[in-house]
1. Under 16 Å between alpha carbons, and skipping anything fewer than 8 positions from A:LYS56 in its own chain: which aspartates and glutamates qualify?
2. How would segment B:118-190 be classified by its alpha-carbon gyration tensor: rounded, prolate or oblate, with rounded meaning a/c under 1.5 and the a/b versus b/c comparison settling the rest?
3. Looking at the square roots a ≥ b ≥ c of the eigenvalues of the Cα gyration tensor of segment A:1-112, which shape do they give, rounded for a/c under 1.5, prolate if a/b is larger than b/c, or oblate?
4. At A:GLY18, with labels set 7 Å past Cα in the Cβ direction, how many nm apart are the copies from this one, shortest first?
5. Report the full-extension gain for the segment A:GLU100 to A:GLU88: residue separation times 0.36 nm, less the Cα-Cα distance, to one decimal in nm.
6. Quick one: 3J(HN,Hα) in Hz for segment B:113-119, Karplus 6.51/-1.76/1.60 with θ = phi - 60°, rounded, Gly and Pro as x.
7. As a test, work out the antiparallel percent of DSSP beta bridges whose residues both lie in chain A, rounded to the nearest 5.
8. Dipole magnitude of segment A:1-107 about its Cα centre, charges +1 at Lys/Arg Cβ and -1 at Asp/Glu Cβ only, in debye to the nearest 20?
There are 2 protein chains.
Amino acid sequence: MSDVYLALLHWPVLNKDGRVVTTAITCFDLHDIARAALTYGVRRYFLVNPLPSQRKLAERITRYWQSGPSADWNPTRRDAFQIVRVVERLEEVIAAVREEAGEAPRVVVTTARPWPRAVGYEWLRGQMAADEGPWLLLFGTGWGLAEEVKEQADYVLEPVVGPGAYNHLSVRAAVAVILDRLLAPGAPGR
Amino acid sequence: MSDVYLALLHWPVLNKDGRVVTTAITCFDLHDIARAALTYGVRRYFLVNPLPSQRKLAERITRYWQSGPSADWNPTRRDAFQIVRVVERLEEVIAAVREEAGEAPRVVVTTARPWPRAVGYEWLRGQMAADEGPWLLLFGTGWGLAEEVKEQADYVLEPVVGPGAYNHLSVRAAVAVILDRLLAPGAPGR
């Protein structure tokens with residue numbers, strides 16, 4: 001199985017009006033995404049936020065579940081938080097993956113919007129089976145990652161769409177679906 | 001496409017020690033599951049809790065996003081909450097589906113634990129393509145649905161599993177993955 005890393009970015013992301021902003025951390029993004037990442041064999045989940053006060057909050061939550069009575073009470077939560085790293089910038093994520101895996105990651109950006117030259121799930125699953133990576137999957141908060149992140153990526157992955165026109169999954173749900181499509185064992189559609 | 005309904009049960013569910021309890025509502029279960037349900041074309045999302053104070057909380061959140069400035073500020077959230085119904089018991093859900101769809105639902109229970117005679121995703125996807133339903137997918141909170149709910153169901157669906165031994169998705173993530181496997185357009189694994 002290939003080496004997969006995941007990062008959730010709080011900057012540079014768009015707000016509702018299409019401007020580039022920094023978003024606040026949603027506490028459930030820590031829990032739900034750490035649990036999904038560990039379930040699908042992701043090596044590390046980077047929470048990326050440029051604001052020191054926000055990183056402090058995330059670190060406090062991470063520590064809470066990793067030690068003391070809370071860790072004993074819920075060991076599966078402790079295990080999930082063990083893959084979480086709180087960092088300031090995307091550049092740090094890429095450097096950390098390069099150091100850990102010994103090679104620069106193939107960067108895959110996810111998006112809920114159509115993008116020219118976006119790659120499909122079956123194709124990417126095949127690539128990941130053939131190339132052990134490291135692979136780095138990027139997810140955005142707010143109204144999605146800024147264009148510059150997509151332009152610098154190796155691949156942009158097609159949006160997840162349902163049968164109808166409504167397409168507003170939470171980032172927590174999108175992470176789970178995308179990890180399942182790319183990394184679930186057996187044939188897709190099992 | 002078949003008629004699909006979804007219910008999230010807060011009773012009868014297990015706690016950490018395997019006893020049957022009533023759980024409290026997690027606010028993100030309202031938002032994330034409503035958004036995923038609408039994305040995948042689910043007709044109605046029933047939040048089931050026997051405690052009046054808990055139902056009042058859920059109704060207040062639902063109203064908040066459906067009217068006034070919050071509905072104008074985030075119309076996609078308003079749309080998601082339009083399919084939410086807060087009810088007391090599973091029997092009410094079944095009666096409501098029967099009334100709306102004109103027929104009793106085929107009840108499918110989801111679980112994170114192995115179950116004898118559990119059905120697979122590909123098989124159920126085929127059934128749902130052949131029989132327009134109504135279908136009712138049940139999800140549990142806490143440490144999962146009590147045995148009695150599984151025993152009374154028409155089908156129990158195989159757990160979602162990743163490549164490793166860790167298998168602790170949040171119910172929000174599990175709903176998203178299961179809806180994607182059963183209801184995403186095109187061939188599975190697209």
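The values are calculated or read from the model by the stated rules, or taken from the named source; none is laboratory data. Because the structure is predicted, anything quoted here is derived from the model rather than measured. Glycine also receives a Cβ, built like all others from the backbone with ideal geometry; neighbour counts cover every protein chain displayed. For accessibility, only protein heavy atoms count, side chains too; no ligands or nucleic acids. Shrake-Rupley method; radii C 1.70, N 1.55, O 1.52, S 1.80 Å.
1. A:ASP29, A:GLU88
2. Working: a/c = 1.89, a/b = 1.15, b/c = 1.64.
Verdict is oblate for segment B:118-190.
3. Numbers: a/c = 1.77, a/b = 1.19, b/c = 1.49.
Oblate, because a/c is 1.5 or more while a/b does not exceed b/c.
4. 5.9
5. Working: separation 12, 0.36 × 12 = 4.32 nm, distance 1.78 nm.
Taking 0.36 nm per residue and subtracting the Cα distance, the gain is 2.5 nm.
6. These are the phi-based 3J(HN,Hα) values: 10, x, 9, x, 6, 5, 9 Hz.
7. On the way: 3 of 26 bridges.
Taking every DSSP beta bridge within chain A, about 10 percent pair in antiparallel fashion.
8. On the way: 15 positive and 13 negative charges, 50 e Å.
Computed about the Cα centre, the dipole is about 240 debye.
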